[in-house]
1. Which aspartates and glutamates, on any chain, are close to LYS11 with Cα under 17 Å apart, when same-chain ones fewer than 8 places away are left out?
2. Could you report the accessible area of LEU35 in Å², rounded to 10, computed with a 1.4 Å probe on the protein chains as they sit in the structure?
3. Any idea of ILE13's accessible area? Nearest 10 Å², probe 1.4 Å.
4. With all protein chains present, calculate the accessible area of VAL6 using a 1.4 Å probe and round the result to the nearest 10 Å².
5. Can you give me the long-range amide H partners of VAL59? Hydrogens built in the peptide plane at 1.01 Å from N, cutoff under 5 Å, separation of 5 or more residues or another chain.
6. Starting from a Cα-only point model with no solvent, please compute log10 I(q)/I(0) by Debye for the chain at q = 0.22 1/Å.
7. Rolling a 1.4 angstrom probe over the protein heavy atoms, how many square angstrom per residue are accessible across the chain?
8. Counting only DSSP beta bridges with both residues in the chain, what percent are antiparallel, rounded to the nearest 5?
Amino acid sequence: MSYEKVKQASKTIIGTKQAVKAIRAGQVAELFIALDADSWVTDPVVILAKEVGVPVSLVESKNELGKACGIHVGAAVVAIAVS
């Protein structure tokens, strides 16, 4: 289900740094975190998301999350932008 939500999103923000910037700017509706990603990559953005009240969803695979975004590499963090 979560991968479908990412596929159907009109705008996604891929990567930890970009997601952090977007969360700080108030542009994120939901955040997706791959469970197989390193915690040192994902923890800063998860902590920030929880502080500002952005919902966080967990998915199994970086590779599947990347595919859902239409890229050919894995994605540890993907945010769906507010429309």
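The values are calculated or read from the model by the stated rules, or taken from the named source; none is laboratory data. All figures in this text were calculated on a predicted structure; none of them were measured in a lab. For accessibility, only protein heavy atoms count, side chains too; no ligands or nucleic acids. Shrake-Rupley method; radii C 1.70, N 1.55, O 1.52, S 1.80 Å.
1. GLU30
2. That residue has around 100 Å² of solvent-accessible surface.
3. Counting only protein heavy atoms, ILE13 exposes about 20 Å² to solvent.
4. 0 Å²
5. ILE33, ALA34, LEU35
6. After summing over all Cα pairs, the log10 values are -0.95.
7. Result: 59 Å² of accessible area for each residue.
8. DSSP beta bridges in the chain are roughly 65 percent antiparallel.
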